[in-house]
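This report concerns only the one structure given below.
Just so you know, all these numbers are worked out from the coordinates, no wet-lab data involved. Note that the structure is predicted; figures quoted are calculated from it, not measured. Here the Cβ positions follow ideal geometry from the backbone for every residue, glycine too, while neighbour counts run over all protein chains shown.
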């Protein structure tokens, strides 16, 4: 699966999409979900929680292991993907679409510019 070029990526395998209202949507990459295997549970953060860049804020559990998901930028959580409570496998099926995890309002939009583009992610941390 190709990494969408309109997204930014963290070395820890999260993706980030800028939204028109100034928020960002965050999920895990195809590479990350593939390495984890079929997800059976997702523990999402509370709306209103403030997170720092690199802070663990989501736990995803698969049949293989549990893993933390980190905030690629600092900010306030403004929404979570409630549908994952009943269908955590959506992250496996559509990691860049319906499998998003949470949205946040960034404290410093400049942090986004420090993330990787699709080519840099594919050549480095996302290399198979």
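Full extension from residue 117 to residue 34: what is 0.36 nm times the residue separation minus their Cα-Cα distance, to one decimal in nm?
Stretched out fully, the residue 117 to residue 34 stretch lengthens by 27.9 nm.
Just for the Cα atoms in region 1-46, what are the lengths along the principal axes, largest first, rounded to whole Å?
For region 1-46, the Cα spread along each principal axis is 32, 30, 16 Å.
Report, in whole Å, the centroid distance computed from the Cα atoms of region 51-78 and region 1-33.
13
Can you tell me, using C-alpha contacts under 8 Å and at least 6 residues apart, the relative contact order of the chain as a whole percent?
With pairs under 8 Å counted, the relative contact order is 32 percent.
Give me the Debye-computed log₁₀ of I(q)/I(0) at q = 0.10, 0.17, 0.22 Å⁻¹ for region 23-128, equal point scatterers on Cα only, no solvent, two decimals.
One equal scatterer on each Cα of region 23-128 leads to -0.26, -0.78, -1.26.
What is the distance, in nm, between label points placed 7 Å from the Cα along the Cα-to-Cβ direction at residue 17 and at residue 68?
For residue 17 paired with residue 68, the spin-label model returns 2.7 nm.
Identify the residues of region 61-99 with backbone N under 15 Å of a label point that sits 7 angstrom from the Cα of residue 107 along the Cα-to-Cβ direction, or state none.
What the label zone holds, given the 15 Å backbone N cut-off, is 71-78.
Grab the Cα-Cα distance for residue 6 and residue 56, subtract it from 0.36 nm times how many residues apart they are, and report the gain in nm with one decimal.
15.6 nm
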